[in-house]
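Inspection log for the structure reproduced underneath, given as structure tokens.
The values are calculated or read from the model by the stated rules, or taken from the named source; none is laboratory data. Bear in mind the structure is a predicted one, so any value in this text is a computation, not a measurement. For the accessible areas, the whole protein counts, side chains as well, though only heavy atoms, and no ligand, DNA or RNA atoms are used. Shrake-Rupley method; radii C 1.70, N 1.55, O 1.52, S 1.80 Å.
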Amino acid sequence: QVQLVESGGGLVQAGDSLRLFCAASGRSASRFAIAWFRQAPGKGREYVAAIDWSAGKTYVVDSVKDRFTVSRDNAKNTVYLQMNSLKPEDTALYYCATCRVPYEKDCMGTDYWGQGTQLTVSS
């Protein structure tokens, strides 16, 4: 069993930066890659980024790769999503999830999800 808890969301202005946190716990947490997804109002869920726990290899979707970075702190069992130059279209509920295949945009399966953290970017 793995528990994921996101935090760090909030209301920011366009152009601001923000860091999201995904705290993982559970005996098998470090076995999984972790992905970030987002879901904007009225839209489907979108893969944003992922990181492999062991090798630290990262994957970021092309649409945000010049602004978003994903990283992790193994000692804290925490994955971060650093978001810079935020735009109103980044407004969404951001989730982290365990990810079976981090370079695949659907992860080829996600077993555990957090509850999400809301990001709202005002223009």
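Please compute the Kirkwood hydrodynamic radius over the stretch 41-113, one decimal place, Å, based on all pairs of different Cα atoms.
Answer for the stretch 41-113: a Kirkwood hydrodynamic radius of 13.1 Å.
Multiply the residue gap between Gln118 and Gln13 by 0.36 nm, knock off their C-alpha separation, and tell me the result in nm, one decimal place.
Numbers: separation 105, 0.36 × 105 = 37.80 nm, distance 1.39 nm.
Going from the current span to full extension adds 36.4 nm.
Would you mind telling me the share, in percent, of accessible area of the chain contributed by carbon and sulfur at probe 1.4 angstrom?
46
Would you mind working out the accessible area per residue for the stretch 43-109, using a 1.4 Å probe, and quoting it in Å²?
With all protein chains present, the stretch 43-109 gives 51 Å² per residue.
Which residue fluctuates most in the GNM of the chain (Cα springs below 10 Å): Ser25, Ser85, Ser63?
Ser63
Can you run the Rg to Rh ratio on the chain? Use alpha carbon positions and the Kirkwood inverse-distance Rh.
Looking at the chain, the ratio lands at 0.94.
Would you work out the Kirkwood radius for the stretch 61-101? I mean one over the mean of 1/r across all pairs of different Cα atoms, in Å.
Values: mean 1/r = 0.0838 Å⁻¹.
After inverting the mean inverse Cα-Cα distance, the result is 11.9 Å.
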